Every structure is written in C-alpha cells, then in structure tokens.
There are 2 protein chains.
Amino acid sequence: MVKETFKRELLSIVGKDNLWENPEDVLCYSYDATPLPPCKPDLVVRPTTEEQVGSIIALCTQEGVPLIPRGAGTNLSGGVVPVDGGVVLLTTGLNRIVEVNREDLYAVVQAGVVTARLAAEVEKLGLFYPPDPASMSVSTIGGNIMENAGGLRGLKYGVTKDYVMGVTFYDAVGERVVGGGKTVKCVTGYNLPGLMISSEGTLGVLTRAVLRLIPPPRARKAMVVVYDDLIKASETVSAIIAAHILPATLEFLDQFTIKAVVEATGVDLPTDAGALLLIEVDGHPAQVEYEYREAVSICEDSGGQVRVARSEEERDEVWLARRKALSSLARLKPTLILEDVTVPRSQIPAMMATIEEVRKKYDLLIGTFGHAGDGNLHPTILTDRRDEKETERVEKAIEELFQGALDLCGTLSGEHGIGVAKLPFLVKEVGEGTLRFMKRLKGGVDPRGIFNPHKLVAAYERGLERD
Amino acid sequence: MVKETFKRELLSIVGKDNLWENPEDVLCYSYDATPLPPCKPDLVVRPTTEEQVGSIIALCTQEGVPLIPRGAGTNLSGGVVPVDGGVVLLTTGLNRIVEVNREDLYAVVQAGVVTARLAAEVEKLGLFYPPDPASMSVSTIGGNIMENAGGLRGLKYGVTKDYVMGVTFYDAVGERVVGGGKTVKCVTGYNLPGLMISSEGTLGVLTRAVLRLIPPPRARKAMVVVYDDLIKASETVSAIIAAHILPATLEFLDQFTIKAVVEATGVDLPTDAGALLLIEVDGHPAQVEYEYREAVSICEDSGGQVRVARSEEERDEVWLARRKALSSLARLKPTLILEDVTVPRSQIPAMMATIEEVRKKYDLLIGTFGHAGDGNLHPTILTDRRDEKETERVEKAIEELFQGALDLCGTLSGEHGIGVAKLPFLVKEVGEGTLRFMKRLKGGVDPRGIFNPHKLVAAYERGLERD
C-alpha cells in the first residue's frame, strides 16, 4: 500500500484525470497478454509530458515504491505485470510523432506512439519503418524497444533494435538521459540505445526515440507453398538461405495451425496440407523476379506446391492468415501458452522434431507457426490452467522445449522476452556469471531497485532457488 | 609501479614469452594512432587463452591495478593510452577464427582476429562481412567492436554494431559473461552485445564474438564524380539519398586532399577539381544498372562530371585513392589531427561551410574527406605540435568544429570514439545527466574502476572542470 501523501504528490504531478486507484480501474493493469495470475498495482498514472515522467520517478525512488512502465500491455512474457504492486506508469499519454525527416530518413517519436500509426504516417511520405510485430496495431514504440519486438520482416530487415538511432529516457533519480541521436553513426559514450533494447523497463523509463527509416522496396511478390510434410517445409527454409536469397518474409504454419486459421477466418488454405510456407520477396523489380523464380524452384525441388498471390488482395489474404494464427488457436482452449524458442536456421528441422516428440510424450495440443526464416518458432500449447494434471505436463513440456532449443545452440526467446514467465529458465541459457553481471549493471543504475522489480535480473535468485 | 609479487603472479598466468616489462618493450604500448603525449604502461601481457584473461582481470581487481585492453592500437582518439600506467592486455594472442557457418550465416571469432583476415576467409566461402574500417588490414574485431568502427560501406550496410550477434567477455571480477548468440534474434536478458559496442574497454575485456555474415552483392559499379565546387558536391549527397538510392559507398574528398593523394600515390585524379565524390552501387545486376543511371543523372544535374570505372583495376584505383587519403595528408606536416564530426546527411553542405569558416578564421591547413553518405566527415588539421601559437589556434578550431556539428544536430564522433582526445567535449553533447548515468553504469559493473581508467565516464569530472 502506498501512503496518502505519496498519492497526493503524484496527483499534483499528473492531475486527477491521469491517476487511477479504484480496484475496477487498476484491475486492467494487473496483467498483460501472458496467461499469468494477475497482480494489482496500487496506482496507475498517465503522464502527459516527458518531464512528468522524471518527477514521478524521483518521487517513487524517494519513497521506494516500485514503478512499472507500460505501453499497450501486449507483452507475451509478463513483462509489465506489477508483481509487488506499486505504480504502473502508462506511456500512452506520450503519443506525439514529433518529426518525420524525409531527407535524413529518420523519425522522432514519443514512447507511447502506436507502431502501426507511425508506419502509416511514414508510408504516406514515401518511407518505410520495417519492424512489424503482430501486435503493431496497438503496441507502442516504447514497448517494442523495451522488448526488442520482432515481426514478420525480421529475416531481411531485422528487428526493432536495428532501427533505434537515439533514445531519451529518465533514470532512477528522475534525470533525463539522452543517447545516440539523429546521425546514422554516433559513438559518443556508451551505446545507450543498445542498452535500452530488451531491458524490459528495468533500467529507465523511455520517453522518446529517434528511429531509422528506409526507402520502401519498389516491388514485392508473395506466395504460399503447400507441403505434405512438415520436415520438408522446414528443410526448404535452410535451402533458400543457403542459396543466398533473403526473402522479406519467410513464415511457417503447421497443419494444426492451418486448420485453426481456416476454421476461424474462412481463408482459402488447404487444411490437408502437412505445413505451409508463406514467402514474400521484395526489392528492385528485376531482383524480385529473380529471387521469386529461384525460391519457386527450390520449393518445388523439395516437394512444395507453389501458389502465387496474383493481386494485392490475395497477398493481403496470405498475411491475414498468418497474422490470425495466434487468435485462431486461442479460440480452441481456455489457456494458450505461446512459446518463442529460436535456433540457428539450419536447426529448424531438428527443433520441429523436438516439438513433435514433446507433444507426443506429454499428450498435448501444440500448434506451431512462426518466423522460420529467423529460426524463430512459436510452438503454442493449448490447455486449461484449471486442469492441474495437464498443467503439470505442460510445465515439463516447456522445460524440454527450452532445453531442446539450447541443445541446438538456440535461445529461450527470440522476441517475447523473459518477463516473469521465463525467469526460472534464464540461468540455464546465460549461466550464473552472466546473471551476476546483469545484476551489478542493474544495481549500478537503479540501486533502490524501483524499476519493474522481480523481472530479468531477479532470475538470479530464482534460478538458484530452482537448482 | 606494480609490486613484484603481482608481476610474478601475472607471469605464472601467461608465461615469460607473453609478458614484457623493459622500457624499450613497453614503450610501443604507450600510445596509439592519436597524436597525444605517450603514457608508459608498467607491464604488457598477451594472454593466449580466454581463461587467462579472466585470471589476469581477477588479479588486477584484487590489487587495484589499471587494466587497458588493446587490439592493434589503431585507435584515433587515444582509447588505449594507459594514462595512469598499469597493465596493457594485448588481445592479439586470441586470434582464432573458431567457426564460419555458411548455412546459418555467422562467424565465431576471437577478439584478436584481424578484420581483413576474417573478411578474406568468409569471402573464400562465398560470404560477406561488410564493416571495413580504413585500418582493417591490421585492426582487430575486438577493437572494432569496442570502438564501433565504421568504414566505407556504412551507408548501405551499417557499421560494426550491425553485425555483432553475440559476445563473450570477462567482467571486473574475472568472470566469463556471455550475451546474445548464434540466433539472429535473442532477447534473453540485457542486450550485452549492444552494451559492449563503443564501450572502449571500460566495462570488460572482450574475448570472442559471433558476427553476422550476409550474401555478397551479385554486381557492383563504381564511379568518380568531379566537381568544380565543394558545396555542389555535398548537395549531391543529399539529392542521391532523397531519391531513395542507397549506394554501398558515397565518399567525399576536397581539393586539398585530392592534391595530397595525387602527390603521394600518383593516382590519376584531377588536381584542379574543387571536390570529388566516389560512389559505388551494388546489389542485383538490374538494380545496379538502375541505381547507377539514376546516380549519374543526379550528379550531372548538379554539375558533376562522371567518370566510370570500366574494370576492376580502375575500381580498385578509385578505392585506393580514398584509402590513402589519411596517409597522404600525414606526409605534409609533423602533426595530423583527424576529426570525426558527423551530422544528419542533409546538413553536410552546412558543415562543410563551417569547416571552411573555421579554417579561414584560424589560418590553418585543413583537408576534409569522409563518408559523406553517412554525414560523417573527417576534417584533418595539419599542424606542428611544437608550434605553440598554432597549437592554440588548433584547439580553438577543434572546439568550434565540435560546436558547429552539435548546432546542426550532429555529434562529436561518428566512428573514432571519445578516448582521451574528446573527453573534455563529451559533456557538451550528452549533458551532465547522461554522464552521471554512464558513471553509475560503469560503477555498477567495475566498482574499483580498473578497466581503462580516465576514459569515457572520466569525462564527467573533466567536463565539470572546464566549466
């Protein structure tokens, strides 16, 4: 519980229209998009200026009250769950696109700007902001940076981190910190944009970013490739990369997911297919033609049947099918656990085999889709948290999926982060020495530990507990 | 002075063939490629295994002895000068290319691997490591990461930071820390590859990196564009970017530099030209043709005369001219001060005008060349450190160049770092709050301050002293 005086001071910073304390109001901020038990914050505030962020932090540090920065709350690992209560700080009041510079190819935005809104704005000006997490219609740039959000275009265009040129954030004493800037090269001091990437709100509250924009591709071509066999589809992915073709998008859906999508959306996809690849190449028109022909030939050699999108509508339908994968699966069971294992691309067939083994061994429903081109798979377990016996099997299955990814030189999480959900497993991937280093880093910049406590470096204690 | 017992313990770690203490041996490590007064280290060690690095650090931390990691020492801001003595740790004994993975497009290398050697190795396997700092024939991957080295291909391909997928380093207690890895996406904990970038050896000693490789471009075309006027040349740069053409390379030489290069190398360039642009486009053959034609047309519209390299030999001669710019200028005067101001690309004409004003005002010899496409210019002051009066004017000129860059939303350094040379100016760019944050970060991970002291965060005290 926070003190009355603390609340009054917060109120004087943000005003009564931007502070919530009633249980029914703060309830919405007790969870994110991860199936975890809710944790209610004491207060929710929405600063409307960047300076207010500094004042709020200074107050929280002074009183030792936890502060949990939150964008749209689409987090997939519990990153914004206020484990110990405290103050949830919504960045949604900081939603200005400050500048889009066509000559120098950058945008300056506040942290609460919704990603899709920025993408649409720059598109109007003939520019391109490539990162496209599935949540982009609601998720914010600040959240994307804090989680290093990926998306469907990662293979060719990279992820959020590849587009952050500059950051402004407020540190644990409420002071404004600026790193990087509007130049494409900048090496004046520590790489603070890099430090903020995937820090999950534990080192500071981001208020502003300078984002790199690029010229849009001049042409693109999309196709669906139908396979009778899952392994053949995943082997094609390696073959395409090995042929030095980098499609903008190279996505994968297994049979279970295809069926779920067709049932949920009525989209025209073959439900008897063993697996699908969705491929889009883009760039200069001649290069697109060349890469398209090469990709078709590789897919056909490996037993795939290629269907080309002949119009923008058909293309959009292909991407809709992929974007609806998660929500289509979510309809089938009360609890959906979305994993995010990532392996070097050539290990995808082996990772797919591991997922299949685990599914059989623990008798679970698992649909798998994902960014095959990045080696980033989303095995999605459909279950019911209330079924204790199945939940036990689910937990064992997750542990084996993680171990399987690590055994293949992979990682627990390609783009969803650690948050709360993956805390107990972090030590397995990075080792105790690395966790101790992260803890000292965090301790240096946030000595009272007010920023998003019980996340990330908390894995140190948690990891040891489990051993 | 270090203690005898300390020296004996170091000796027991690295062996007598890898420890130097005689004045004539350690002298070579008292400076780097920056014109600064030399500072002699007490000892120089060259570990030959990564584990030895951990042991050396643990010993230095225990005894409170400064430890200065050093690759090839090609630093251009004094980053490896052992200001207070201590131990210089050479990474050149860690020079194994551990793995080049053609399927998954990455290389694992030890920190002391020379960049050009890696580039050549991966080229043999049909792959491409784009970062190409001018020093690449001797500089090391570890040094490149610690300084976030740029190069001639930054415009299209980015800089070192864009290719670091994973790092292994030893922290201040001598413990091994691992961040990132072999997957193209990884968000498990703090972005430690990002943290190491441009940290100038102040946070840990890098021993190993996983580097991203890409398929090489299928075609390329180079040209030299001759201008009678410097401003016209710099305006062309903006026009090319605004036309959404991203050449692999877009370099600039002013008249003074052209003359110096022709005198030094005999290369066939017009010495009466006001300025030159060196442009190379690459990619798919059809795209290269298109971008080449567009670039030619833009250059001609702005008054440039285009000369195309008709053979690989002619192309190599063009790049040789650019790569020899610095050494050609260095022949002219005893002291060469190479600056690294960087501005948003559209501000290049304004920055060129500032350089010209400063040159006139302080009556100095300044040759300017650089990565115009990145907004990164190298105004190079030719002087004689022994001439006290001129040295005073040089110092004022540098200060005005920095201020000029900042006034244009630019930065002190695009790719050379802060080191010692730019310490007094860092606070002007980032502000005191940011420096305080950097200091706390450093304090958290290196509480005894043994890693490369008097660099980077030392700017905090230095900056305040000047005010």
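The values are calculated or read from the model by the stated rules, or taken from the named source; none is laboratory data. For clarity, every value in this text was computed on a predicted model and none was experimentally measured. Neighbour counts are summed over all protein chains in view; Cβ atoms, including those assigned to glycine, are modelled from backbone coordinates with ideal geometry. Note: areas computed on protein heavy atoms with side chains; ligands, DNA, RNA excluded. Shrake-Rupley method; radii C 1.70, N 1.55, O 1.52, S 1.80 Å.
Among the residues of the range A:209-260, those identified as of a type in the set (S, T, N, Q) and either open to solvent by 10 Å² or more (accessible area, probe 1.4 Å) or part of a strand (DSSP E or B) (or both) are A:238, A:249, A:255.
Would the range A:177-189 turn up any residue that is more than 9 Å from chain B (Cβ to nearest Cβ) and open to solvent by 10 Å² or more (accessible area, probe 1.4 Å)? No: the range A:177-189 contains no residue that is more than 9 Å from chain B (Cβ to nearest Cβ) and open to solvent by 10 Å² or more (accessible area, probe 1.4 Å). Taking residues in the range A:395-406 that are over 16 Å from residue A:335 (Cβ atoms), and partners anywhere that are of a type in the set (Ser, Thr, Tyr) and open to solvent by less than 20 Å² (accessible area, probe 1.4 Å), the pairs with Cβ atoms closer than 8 Å and at least 6 places apart or on different chains are A:405/A:342; A:405/A:411.
If you go through the range B:1-48, how many residues are over 30 Å from residue B:381 (Cβ atoms) and either free of Cβ contacts under 8 Å to residues at least 40 places away in the same chain or among the aromatic types (Phe, Trp, Tyr) (or both)? Count: 17.
Conditions (1) touching a residue at least 60 places away in the same chain (Cβ under 8 Å); (2) over 21 Å from residue B:23 (Cα atoms); (3) not assigned by TED's automatic domain parsing to the domain that holds residue B:11, marked per residue:
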| site | (1), (2), (3) |
| --- | --- |
| B:54 | yes, yes, no |
| B:63 | yes, yes, no |
| B:86 | yes, no, no |
| B:96 | no, yes, no |
| B:99 | no, yes, no |
| B:104 | yes, yes, no |
| B:107 | yes, yes, no |
| B:112 | no, yes, no |
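Taken over the range B:121-151, the residue count meeting the criterion of being within 12 Å of chain A (Cβ to nearest Cβ) and aliphatic (A, V, I, L, M) is 5. One residue alone among B:88, B:109, B:113 is under 30 Å from residue A:341 (Cα atoms) and either more than 10 Å from every other protein chain (Cβ to nearest Cβ) or not polar (S, T, N, Q) (or both), and that residue is B:109. Tell me, yes or no, whether the range B:382-400 has at least one residue that is at pLDDT 95 or above, within 20 Å of the chain's Cα centre (by Cα), within 11 Å of chain A (Cβ to nearest Cβ) and buried (at least 19 other Cβ atoms within 10 Å of the Cβ). The answer is no; no qualifying residue exists. The set of residues from the range B:250-304 being more than 14 Å from chain A (Cβ to nearest Cβ), of a type in the set (S, T, N, Q) and touching a Gly at 6+ places or on another chain (Cβ under 8 Å) comprises B:255, B:257.
Identification of strands (runs of 3 or more DSSP E) wholly contained in the range B:24-103 with 2 or more residues that are buried (at least 20 other Cβ atoms within 10 Å of the Cβ) and touching a Pro at 6+ places or on another chain (Cβ under 7 Å) yields B:87-90. Name the one entry in B:358, B:341 that is modelled with pLDDT of 95 or more, open to solvent by less than 30 Å² (accessible area, probe 1.4 Å) and over 21 Å from the mean Cα position of the chain (by Cα). After ruling out the rest, the residue left standing is B:358. None of A:201, A:180, A:189 is on the phi > 0 side of the Ramachandran plot and touching a residue at least 60 places away in the same chain (Cβ under 8 Å) except A:201. From the list A:155, A:125, which residue is touching a Leu at 6+ places or on another chain (Cβ under 6 Å), open to solvent by 10 Å² or more (accessible area, probe 1.4 Å) and touching a residue at least 24 places away in the same chain (Cβ under 8 Å)? Going through A:155, A:125 in turn, just one is touching a Leu at 6+ places or on another chain (Cβ under 6 Å), open to solvent by 10 Å² or more (accessible area, probe 1.4 Å) and touching a residue at least 24 places away in the same chain (Cβ under 8 Å): A:155. Of the residues A:404, A:373, the single one that is closer than 26 Å to residue A:430 by Cα, at pLDDT below 95 and in contact with a helix residue (DSSP H, G or I) (Cβ under 7 Å, 6 or more places away or on another chain) is A:373.
Can you pull out the residues in the range A:436-458 that are in a helix (DSSP H, G or I) and touching a strand residue (DSSP E or B) at 6+ places or on another chain (Cβ under 9 Å)? Matches in the range A:436-458: A:436, A:437, A:438, A:442, A:445. Flag not set for residue B:166, criterion: more than 8 Å from every other protein chain (Cβ to nearest Cβ) and on the phi > 0 side of the Ramachandran plot.
Somewhere in the range B:221-228, is a residue farther than 28 Å from residue A:242 by Cα, not assigned by TED's automatic domain parsing to the domain that holds residue B:120 and not hydrophobic (A, V, I, L, M, F, W, C)? Within the range B:221-228 (the criterion being farther than 28 Å from residue A:242 by Cα, not assigned by TED's automatic domain parsing to the domain that holds residue B:120 and not hydrophobic (A, V, I, L, M, F, W, C)), the answer is yes, since at least one residue qualifies. Taking residue B:365 as the residue in question, decide whether it is touching a strand residue (DSSP E or B) at 6+ places or on another chain (Cβ under 7 Å), hydrophobic (A, V, I, L, M, F, W, C), more than 10 Å from chain A (Cβ to nearest Cβ) and open to solvent by 10 Å² or more (accessible area, probe 1.4 Å). So residue B:365 fits the description; yes.
The test for being of a type in the set (D, E, K, R) and not assigned by TED's automatic domain parsing to the domain that holds residue B:351 holds for residue B:415. Within the range B:261-296, the set of residues being farther than 22 Å from residue A:291 by Cβ, open to solvent by less than 30 Å² (accessible area, probe 1.4 Å), in contact (Cβ under 8 Å) with a residue 60 or more places away in the chain and not in a strand (DSSP E or B) comprises B:261, B:295, B:296. Selection of first residues in the range B:325-350 that are facing chain A (nearest Cβ under 9 Å) and of second residues that are part of a strand (DSSP E or B) and crowded, with 22+ Cβ neighbours inside 10 Å, restricted to Cβ pairs under 6 Å at least 6 apart or on distinct chains, gives the following pairs, ordered by first then second residue: B:340/B:413; B:342/B:376; B:342/B:411. Would you say residue B:414 is within 14 Å of chain A (Cβ to nearest Cβ), free of Cβ contacts under 8 Å to residues at least 40 places away in the same chain, within 18 Å of residue B:133 (Cα to Cα) and crowded, with 21+ Cβ neighbours inside 10 Å? It is false that residue B:414 is within 14 Å of chain A (Cβ to nearest Cβ), free of Cβ contacts under 8 Å to residues at least 40 places away in the same chain, within 18 Å of residue B:133 (Cα to Cα) and crowded, with 21+ Cβ neighbours inside 10 Å. Criterion first (over 28 Å from the mean Cα position of the chain (by Cα) and surrounded by fewer than 17 Cβ atoms within 10 Å (Cβ to Cβ)) does residue B:300 satisfy it? It is true that residue B:300 is over 28 Å from the mean Cα position of the chain (by Cα) and surrounded by fewer than 17 Cβ atoms within 10 Å (Cβ to Cβ).
Would you check if residue B:443 is buried (at least 24 other Cβ atoms within 10 Å of the Cβ) and at pLDDT 95 or above? Taking the combined requirement at face value, the residue does not satisfy it. Of all residues in the range B:418-440, those satisfying the criterion of being in contact (Cβ under 8 Å) with a residue 12 or more places away in the chain, at the interface with chain A (Cβ under 7 Å from one of its Cβ atoms) and open to solvent by less than 20 Å² (accessible area, probe 1.4 Å) are B:418, B:426, B:438.
For residue A:200, the criteria (1) in a loop (DSSP other than H, G, I, E, B); (2) farther than 17 Å from residue B:180 by Cβ; (3) not aliphatic (A, V, I, L, M) hold in every case but one, which is (2).
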